[in-house]
Each structure stands twice: as C-alpha cells, then as structure tokens.
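Notes follow once the structure below has been shown.
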Amino acid sequence: MKLFNSIKNYILDPAKDFKERNFVLLTMVAGIAVFLAMIADILLGENIVEIIILGATATSGPIVSWLVIKKHWVRQAGIFMSFMTVFFVLPIAFFFGGGLYGGAVIWIAFAFLYIGLIAEGGWRRFFLLAIVVITSVEFYLTFYKSYLIIGPHTKRMMFMDTLVAIILVGLLIYMTVMTQNMLFIAQNEQAKEYAKQVEELNRSQNSFFSNMSHEIRTPINTIIGLNEMILREEVSDEVAEDAANIQAAGKMLLHLINDILDMSKLESGQMQLTNVAYNPGNMLSDIVGMLWLRAKDKGLEFHIDVAHDIPSELYGDEIRIKQILINILNNAIKYTGQGSVTLSIQCEKKEDGIAYIVYSVTDTGMGIKKEDIPYLFTAFKRVDEGTNRHIEGTGLGLSIVKQLLDVMGGSITVNSIYTKGSTFVVSIPQKILNDKEIGELDMEERHKLNRREEYKKRFEAPDAKVLVVDDNGSNLLVVQKLLRDTKVQLDSVSSGAEALKKTLDTEYHVIFMDHLMPEMDGIECHKRIRTQTGGLSRNSKIVALTANAGPESRILYEKEGFNGYLVKPVSGEALERELYRLLPKDIVVSLGDEEEVIEETMSWMGLGNKKKSIAITSESIADLPREIIERYDIATLPHRVYTENGVFKDGIEIETKGLLAYMENKDNKVETEAPGVEEHEAFFAKQLSGANNVVHIVLSSKVTKSGCRDAMEAARAFDNVTVIDSGHLSSGQGLLVIEACRLAEEGLTVPEIASELEKIKRKIHTSFIVDSLEFLARSNQVSDKISGLMKAFMARPTLVMKNGKMGVGRIFFGTRENAWKHYIDSCLTDSDITDKRMLFVTYVGLTKRDIDKIRKIIDEKASFEVIHFMQASPVIAVNCGPGTFGLLYLKK
C-alpha cells in the first residue's frame, strides 16, 4: 500500500518530470487492467501459461514504475516494457488464449497506443513495426497452421473472453485518454503560472530599470547642464578642455544607462523605433565628439572616411543608429592597445527610395578567436576572458547592437584575425528624404580637434513668460542658467501645488513640467492647469521635461495632451529650439536662421574613399589575362614554388619559361604548395580593407595540393568572406572568376552570386592535351612505366575535369599536329552548345608558330568572339610540361 501511495503522490506532483509521470501513470493503469484480465482468465478456466504471463505483467508494472521514480530510468523502462509487450506478453496471450477466437486480438490494438506513448524516437518505430510483423505472422499461422493454437476456445469461452477484453481495453483507452488529458491540463496550468511569474518578473525588472534610469538622469542633467554653462563662458583653454572632457564622459554615462534600459525593453519585446529626419553628417559629428577623446587618451589614431554619395537627409531612428555605432566604436577603442580605429561610411545601393548605409569599424586591436565569434552577440558574455579580464565593460554592447539591427531590418558581420584586429560591418536600410549627395565632409578649415563649442544665441524674448516645474532644485537651476541668455521672464517652482498658485494669477506662454513629483505628478498638474477655474494659463503650451526616456513615454505625453517632450539631460540648444517653436512669433526677436546647425564633423574626416560592395578574388593559378585582372580589379593569392635555389611566389617571383628551363635538368626537383590558413587570413583581411564582402574562388578541392580547405578554414574568421570551390583549375577556374565579376557588376548579392556560380561551374569545359607524361611522372602523379609506354607509342593523352577531379580522357596517337587537330575537333564538335563569347587556350612551352597552328585549327572549327591565348602559371606548368595546351570554355 505504501508503494501505491508513493506512486500516486509522484504522479500528482507537478514539480516532477512530465515524461516520467506520464510513463508511471500509463503503466499503472495498464497494469490494473491486465490484473483484471488475469482474474477473468482464472474464472473462465484459461490456459495456465496465459494466466502466469498476465500475472507477471501486472506485477512488473509497479516495480518498473518504482525504478523510474527512484532512478529516473524512463527511457530504459519504456524500451523494457515495449520489448516485453511485443515479444512475450502478446504472442503468449495469443497462442495460449485461443488465437483469433480469444481476447488477445483486442489487446493487440491497445498495444499500438501504449507503445506509441511510452517508447521514444527510433525505438518507437522499431516496436510498432515489430507489432505489425508479429501480428501478421500470428494471423498467417492461425490460418494455415491452426494446430499451433494451444487450448482452443469453445464458442462460450470465445464470447466471454472477447467481451471481457473489449470492456477492459475500452475502459483502459478511456482511462488513458482521461489521464493524458488530466496531465496535459495540469502541465498547461503550470506553464501559464510560470508565464505569469515571468511576466511579473519582467514588469518588475522593467520598472526597476525605468526607475534607475530616471534617478540617474536627474544628476546627469545637472552635471551636463552646468558644464555647458562653463563652456559658454570666457574661460581658459585648460578649463574649456576639462569641461569638454566632462561633457563627453557625461554623454558616455548616459549611453551606458540607455544600453541597460534598452536591454530590458528588447528582452520583453517592447522596443519601438522613433524615426525622424536627420543629417548623416551631424549625426557623425555627435558620435565622434563623444569618442575621439577616448581614442586620444589611449594614443590611438582615429580616422573617418565618408563616401561622397551618401544622401544628405535620411529618415530613420537616429538615436538607435548612434547607439549602435557608439557601442561598436567604444569596443574598438577599448580593445585596441596601439594603432588606429577607422570608421567608414558608404551608401551601398539605392532602390525604391531606400538607401543601404554601410558602416565599417576597423581596428588594429587584439582581434577575436574564431571559436569566440559565435558568442560575440550574447548578452553578459565576454569572449577570451583570460586576455580581457582587465578591460572594463558590461558585456551588453554587442548584444544590444545585434537586437537593435534585427528590429531595424539591418545586419552586422564580423571579420577578425586574432592578435591582428577586427572589422565590424553594419548595414542599415534608411528612407531617403533628400537624394542630394552629402559631398566632401572635410571640416579641417572650420574645426580643430580641441576646439570648444561656441555658443550661439538664436533669439531673445524679453516679454515671454516661462514657468519651470520640478521637485529637484538642481534641475531648476540648470534650466534657469541655460535659458538666461534668451532674456525670458522665468519663474520656477518645486511642486504641482505651487505651480497651480502661479498659473492662477499669471499667463505663461510656455510651461516646462517634470513628471514624477511627490503629492501631485506632472500629468495631474497638467490636467488641473487646463481646467483651472479662473486660471490664466489654461491655454499655455506645456512641455514634459522629464527623465522618463523612450518612445512609450513620448506616446504617453502626447496622449495626455502635452505640447512637447524633452528628455533629461537636456541641452541648452534643445531647450531653446523647443521654446522658439512654442513661443508666439510676435514676442520673439530672432538673431539668426532657426534652422541653422553648427557643423561638428571633425577634421580627420576622409575624402570619401568608397569601398567596393563585393570584391572577387582568386589564386595565381587561375591563369587570367592581365587586362581582365585590371578591368575587374581581381586580387590573386599566389601559390609557392619550391626549388633548390629557394622558394618563389607563383607568377610574381618566378615565371613559366624560367621554370621550364630549370626543369630541363631531370635532377632538378620542383615542388608546389598552396597558401596556408594564415596566408589566406592576411589576404582576406587586406581585401576587406577595400571591400565590404569578398568572394574568393579557389582551385578544385579534389585536385592534389588544392588550397580550398585552408581557404575555407581561414574564412571562418570572417563573416564577409565566401569561398567558392570552382571544381576546375587553370583558366577553367578563371572563367568562373570572370562570371563572378560579371554577376557582381550586375548588383547581385553574395548569396545570389554563390548560387549562380554553382550552376555555371557545371557548364565549364576544362581539358588539356599533354605532349608527354614525363612531368606528371616527375611529380609522382603517374608511374615512370606508363610515361615511357605512352612515349613509345607516340600517345598523347587528354586530361579532363569531371566532377572536380582530373582524369584521363581520350588518347590520341600520331604526330603532335595530328593529335592537336583531333583533340580540338573532339572539344568543339558540338559547336551549337558552346558559348561563343570567350575561349581560353592555356598553354605551356609553345612557340609562336605552334600558337598560330592551334588558332588556325580553332578558326576552322568554330568562331569565338574572343580567344585568349594564356601562358599557364608556373604551378600548372610544373605538372604538365612543355607542349601542353588546353581548351577552356563555357557551354550554353
């Protein structure tokens, strides 16, 4: 009884594992039904073997359930019970219980349900298949070998046994469905309760972060506001520089607070964008003004390159874009010990009134390990803790960047080489309001690095009456000082009750109202002013001046009928702009253009060096003509050639003719090698300095000494590098490079280019006819015997690329010229399916006379728009030897 109570308590405990409770419940219910079936069999006088197996099954249920409760062996228990049911209980009950004329057939139907619920994965499929097979065998044997049924039933026993089975199985299915439903309802209620607790926790967390933000913004408002007054005064350069540092530090602290608050909003799904019209140049000025001092303090160079073609006015969430760039730039400065940090901005493409603005931040810092890159955007996770333990930070920055970009429909990629530096590339779609290009942003003549900001008074309004309501005396002092030069008549009070006394007797043009105040908050005070009997300020313009930040706060104040909204800490410029907007124009004396903005773009802004969107690169063995390389600006990574005289870069430090002359001496050994991982990494990093993305096309991975694997390993350090296995070599690889360049010029994206190249490479024909196998034998690619045999029979084999592998094709006999003619005929027979735009004839060690003969044969066979005769690179020549040439072209 104690065992059954223990099992019952376990089943009803929602804290226990659901699968374990489900298994125990099903097994216990099934065990009770089997026990009742055993009692019925005893009363009906069934075979003793069937009675024993049913008794054993009913007994095993509680035992197995107890093991699940104590040992948590739910998976093993499911396998055991399924195995016993399928291979022992059901067959014995069938053959010893009357076969088709007993109740076992009914129990087989229930077994499908039981096993489907307790078994998992592949075991479930195995046991269900086993039931089908065993049941089919049982029926077959009953039909053809009925003598195997032990103790056949009488008609009366058949009716009674079947009736009992139907009732028990029916009740069992009913109980199974009912108990499953009961468990699921309980589980659902538990999930709802958990969701409620999480929601409560989120609310508490959001409330905490919001309150914390409000409380911290209040003293920051005082610091930044009074510091601004210092910058307005005629003070020494040293004091002005100190004040500028205080201002930058205050803004960075404010940025950190915003990060913490935004993390809370992002996690709860409450983040909303506030899109406004903005000038990219002004935005960059604000960012640089906050960060250049940090870079200067660390002795870092800070560069900015802005492309000329960025639209002069965009529409988007300027605040969030600033936040994204500040986080990335702050990280770059933080993790760079020496060298430089560079911010590049360009407009990638414009379509349907949308500009894709690309921001690249490159540093010469410590870089990021490949294995750490996947964790960069995880909140509170800091990579390479051992190296970075002395560097301050919350671990929130990049996580917020990624989530903000997701909300904005943008993207971020990372390219990094550990110990050498990193590049973060951010792309953000923005609506174009003014398509006029921003032009050059060289501010050197107008601004100097340490120049204090010159305050420029915009207007005076000596007849204007302004009331400021705030329970914090420091905030009142800040507003008074910031508006002092406008000469407005300014009153200040520290509570809503005092404000109502003032508005009863005075007609204010503008009222700046704090929200969170004791006794009467700003919203309540606003309502009372609007409905104040006899009040003179019922039609005044009321602005919420509060530390409650965020778009939800703006919506709240708009809903409540406020005429404006300013967030603390507030600048003098923001206060003056809002006051100018709301004051009656007849009492305002304007001292300048209200739309005039003092440009703050710093002197080190570059002259608009625009990066390429996509750079197509390859290897020296792609055998491309110089004019095509220059036309498409294709960078190539050289392979290495090892000789007894030293190591040379393919095509740069050694040429084919010189190498062939060196190899005329059979004792001279030559080896070739593809670039390694580090060489690829350095190559990719260099290319990314001038491009946002790199598509690198490599020699077929199935060719001996291919660098494909190392290239792909190196690309793991870069989000913006895509390596394409060409499946070809020499100019066959070059043809794919040319097609990639064409696709990039057409404006296709990297994934689109990669997809198209997969189709194109299947259409490239790459083959060579070899004059002699001697060089292949020297590189151990064929045996000396085969080489000698071919030479004896004047046989000239062809080498053909198929499925990325180089294999032997047709063999031509006779003179060299005769073999060449037959080879060209075989390649160009189906001229209708040949793309006639371009043909590469890539050769090794041919004379001008040989080339003219080959050209003549080709012209007789087919007409190509362009035929490139290209001398193969030294690496190709090493393996083929002189007298080799190949036809490489595209098929339609």
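The values are calculated or read from the model by the stated rules, or taken from the named source; none is laboratory data. Model, not experiment: these values are computed from the prediction. Using ideal geometry, Cβ is built from the backbone for each residue, glycine included, and neighbour counts are taken over all protein chains shown. Just the protein is used for accessible areas: all its heavy atoms, side chains included, with ligands, DNA and RNA removed. Shrake-Rupley method; radii C 1.70, N 1.55, O 1.52, S 1.80 Å.
Structure values in brief
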quantity: Amide H partners (placed H, <5 Å) of THR766, local residues excluded; calculated: MET801
quantity: Surface share of carbon and sulfur [accessible, 1.4 angstrom probe, percent] for the stretch 524-579; calculated: 47
quantity: Computed label-point distance, nm, for sites ILE230 and LEU163 using a 7 Å Cα→Cβ extension; calculated: 10.1
quantity: Accessible surface of ILE42 - all protein chains present, 1.4 Å probe, nearest 10 Å²; calculated: 90
quantity: Accessible-area order (highest first, 1.4 angstrom probe) of the listed residues VAL89, VAL137, VAL235; calculated: VAL137, VAL235, VAL89
quantity: Label-zone membership for the stretch 696-715, site ASN803, 7 angstrom Cα→C-beta point, backbone N under 16 Å; calculated: 701-703
quantity: Once exposed loop chymotrypsin sites (Phe, Trp or Tyr not before Pro) are cut out (DSSP; at most 12 other Cβ, 10 Å), longest piece of the chain; calculated: 381-792
quantity: P(r) histogram, all alpha-carbon pairs of the stretch 611-660 included - 5 Å bins from 0, percent; calculated: 5, 17, 27, 20, 14, 9, 5, 2, 1
quantity: Carbon and sulfur %, accessible surface of the stretch 680-744 computed with the full protein complex present, 1.4 Å; calculated: 47
quantity: Cα shape, the stretch 646-708, gyration tensor, a/c 1.5 rule; calculated: prolate
quantity: Rounded FRET efficiency, nearest 0.05, which uses the C-beta distance separating GLU673 from LYS350 and R0 of 35 Å; calculated: 0.20
quantity: Estimated dipole of the chain in Debye, rounded to 20 [Cβ of Lys and Arg +1, of Asp and Glu -1, Cα centre]; calculated: 3760
quantity: Accessible area in square angstrom per residue, the chain, 1.4 angstrom probe; calculated: 48
quantity: Cβ-derived FRET efficiency at R0 41 Å, LYS836 paired with LEU789, nearest 0.05; calculated: 0.60
quantity: Label zone at ARG762 (point 7 Å along Cα-to-Cβ), backbone N below 17 Å, the stretch 869-892; calculated: 890-892
quantity: Among PHE885, ALA244, VAL723 - extreme Cα towards positive end, dipole of the chain, charges at beta-carbon; calculated: PHE885
quantity: Paired Rg and Dmax values of the chain, which use every Cα atom, in angstrom; calculated: 40.8, 120
quantity: Projected-area mean, the stretch 755-892, by convex hull of Cα positions, square nanometres; calculated: 8.5
quantity: Over the chain: helical MRE at 222 nm, DSSP H runs n ≥ 4 each giving -39500 (n - 2.57), nearest 500; calculated: -16000 deg cm²/dmol
quantity: Net length gained if the chain between SER571 and LEU129 were fully extended (0.36 nm per residue, minus Cα distance); calculated: 151.6 nm
quantity: Reach of LYS71 by Cα under 24 Å, taken over lysines that are not fewer than 8 positions away in the same chain; calculated: LYS2, LYS8, LYS16, LYS19
quantity: DSSP-defined beta bridges in the chain - what % are antiparallel, rounded to 5; calculated: 60
quantity: 27 Å Cα-Cα threshold exceeded, pairs from LYS657/LYS891; LYS612/LYS759; LYS420/LYS649; LYS402/LYS611; LYS702/LYS891; LYS611/LYS657; calculated: LYS657/LYS891; LYS611/LYS657
quantity: Length added when fully stretched, ASP505-GLN180, from 0.36 nm per residue minus Cα-Cα; calculated: 109.7 nm
quantity: Accessible carbon and sulfur surface of the stretch 850-889 relative to its total accessible area, %, 1.4 Å; calculated: 47
quantity: Computed label-point distance, nm, for sites PHE143 and ILE48 using a 7 Å Cα→Cβ extension; calculated: 3.5
quantity: Environment charge of ASP41, counting only residues whose C-beta is closer than 10 Å and scoring Lys/Arg +1, Asp/Glu -1; calculated: -3
